[in-house]
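Heads up, the thing below is written out as structure tokens.
The values are calculated or read from the model by the stated rules, or taken from the named source; none is laboratory data. Quantities reported herein were computed from a predicted structural model and do not represent experimental measurements. All Cβ positions, even for glycine, are placed from backbone atoms using ideal geometry, and neighbour counts span all protein chains on display.
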Amino acid sequence: MLISISQLNIHMKKYSYTLLILLLSYLTSSAQIALKGQIVDAETGEKIPFASISTKENRNTLSNEMGDFSIPVSELPAELIISHLSYGKSNFKMEENSDHVFRLKATPIILPEVHVGNYARELVSHAAQKLMENFCLKFYGKAIYRQSTQINQQTSEWQEIIYATKSSNSRLEGTAVLKGRYAAQEAVYKFEDFSYFTKAYGLIDLDTNKHAVISLTSSDLYNYSVANLRKEGDREIAEIHFTNKLPAGANSKYGTVFIDTDTYDILKITFFTHSDLGLKMKNKHPLWVMKMVNPKYEFEISFKDVAGGRSIEYLKVQYQVDYHLKKEILPIHVSSLTYLYETSTQATAMNYEKANTGGNDRELIKKFAYDPEYWNRNTVIERTPEQNRAIQNLEGKGAFGNALGTKKN
């Protein structure tokens with residue numbers, strides 16, 4: 001059957017129209033709306049960092065150090081679920097895409113009752129036992145790692161990594177670098193493998209207690225006391241302070257653990273030490289005599305419910321020290337945040353590397369060409385204005401790229 005030119009044109013127009021409709025439908029369905037907001041205390045107006053934000057579409061993020069966040073949704077209206085240990089859980093319905101301030105009310109604190117025996121130690125023992133019983137359950141997903149070094153309050157290093165992760169209910173067990181970038185300015189010190197502390201430290205370790213915050217023999221190593229009890233609906237959360245039984249001094253360790261008194265779930269733990277943990281640093285002037293004064297490490301691990309169990313939500317590590325060089329004092333502050341997302345019990349075929357003091361993520365980062373657009377699109381957690389300024393400054397000096405820490409050609 002012969003088809004005339006006019007009939008062919010009609011068919012082509014129909015096909016083109018159909019393809020256009022399908023393309024517009026695809027673009028509409030795949031379009032994402034970035035909802036932005038800031039989380040503050042309802043009474044004081046203080047910004048609330050590291051609050052959890054999620055949607056019914058199973059999108060998740062954290063508020064940054066300034067309480068700001070951005071989270072994608074497919075359509076409006078959308079419901080946001082915002083939770084924080086000190087403020088409980090709140091639901092907000094977003095009708096329009098405009099920056100919004102979310103005001104959270106602090107959960108009430110009640111005075112702890114007097115219990116016979118060491119109630120705090122019993123709670124910790126129950127929580128540690130529950131961790132051990134579920135330790136074999138493994139989780140897989142991704143994580144974003146951010147590290148910043150400041151010397152004299154000036155950013156000298158910036159590092160971001162996207163990991164594939166394997167974890168338990170207590171610690172990271174392995175990582176694989178999927179993407180990364182690093183830049184540095186000239187400075188007296190560079191921190192070559194600070195991410196080791198994120199990978200190595202956790203709550204319990206059935207293989208070794210070397211890097212366990214809560215040891216399997218916790219009742220022998222620490223003193224515990226209930227500082228506060230928080231009420232979140234029917235849930236009661238105990239805030240327990242702990243210190244090790246060693247004499248006060250450079251090796252002292254202390255912190256706070258938050259435990260659900262009904263389920264014995266550990267919700268968050270902070271841990272401080274002034275000990276020398278073997279941090280690797282590269283000295284620009286190895287022959288100079290420098291004195292380290294007032295070193296302090298801070299660890300914070302937060303946990304979340306996921307399908308199948310409880311997993312790590314984020315890990316924060318901070319290191320502060322004053323370096324004395326002749327008559328000059330250099331305050332140094334290194335901080336990192338690792339946020340785990342897309343977490344599930346579905347195993348993946350990935351070669352995960354365990355933490356070791358000889359590892360160096362920066363060597364792995366070298367194989368990735370620097371792609372600023374990728375990092376602008378994949379924030380995962382909103383960066384603060386100060387962080388963006390530091391990145392722009394480093395980019396302006398050509399400090400990113402395969403030749404790490406050096407100007408690009």
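Considering the range 317-370, the residues that are aromatic (Phe, Trp, Tyr) and out of contact with any Gly (no Cβ under 9 Å at 6 or more places or on another chain) include one that is farthest from ILE151 (Cα to Cα), namely TYR339. No other residue among LEU404, LEU394, LEU325 is at pLDDT below 95, loosely packed, with under 14 Cβ neighbours inside 10 Å and over 15 Å from the mean Cα position of the chain (by Cα) apart from LEU325. Only residues that are under 14 Å from LYS304 (Cα atoms) and either touching a residue at least 40 places away in the same chain (Cβ under 8 Å) or not assigned by TED's automatic domain parsing to the domain that holds PHE197 (or both) were counted across the range 250-262, and they come to 2. Filter the range 172-202 for residues that are over 16 Å from ILE312 (Cβ atoms) and among the charged types (D, E, K, R); which is modelled with the lowest pLDDT? For the range 172-202, the residue satisfying everything is GLU192. Screening LYS142, LYS47 for residues that are in the same structural domain as SER302 (by TED's automatic domain parsing), of a type outside the set (Ser, Thr, Tyr) and either farther than 28 Å from TYR163 by Cα or surrounded by 14 or more Cβ atoms within 10 Å (Cβ to Cβ) (or both) leaves exactly one candidate, LYS142.
Note on the range 290-387: enclosed strands (runs of 3 or more DSSP E) holding 3 or more residues that are of a type in the set (Val, Ile, Thr) and in contact (Cβ under 8 Å) with a residue 60 or more places away in the chain are 328-344.
Within the range 49-103, the set of residues being in contact with a Gly (Cβ under 9 Å, 6 or more places away or on another chain), small (Gly, Ala, Ser), under 18 Å from THR384 (Cα atoms) and in a strand (DSSP E or B) comprises just one member, SER70.
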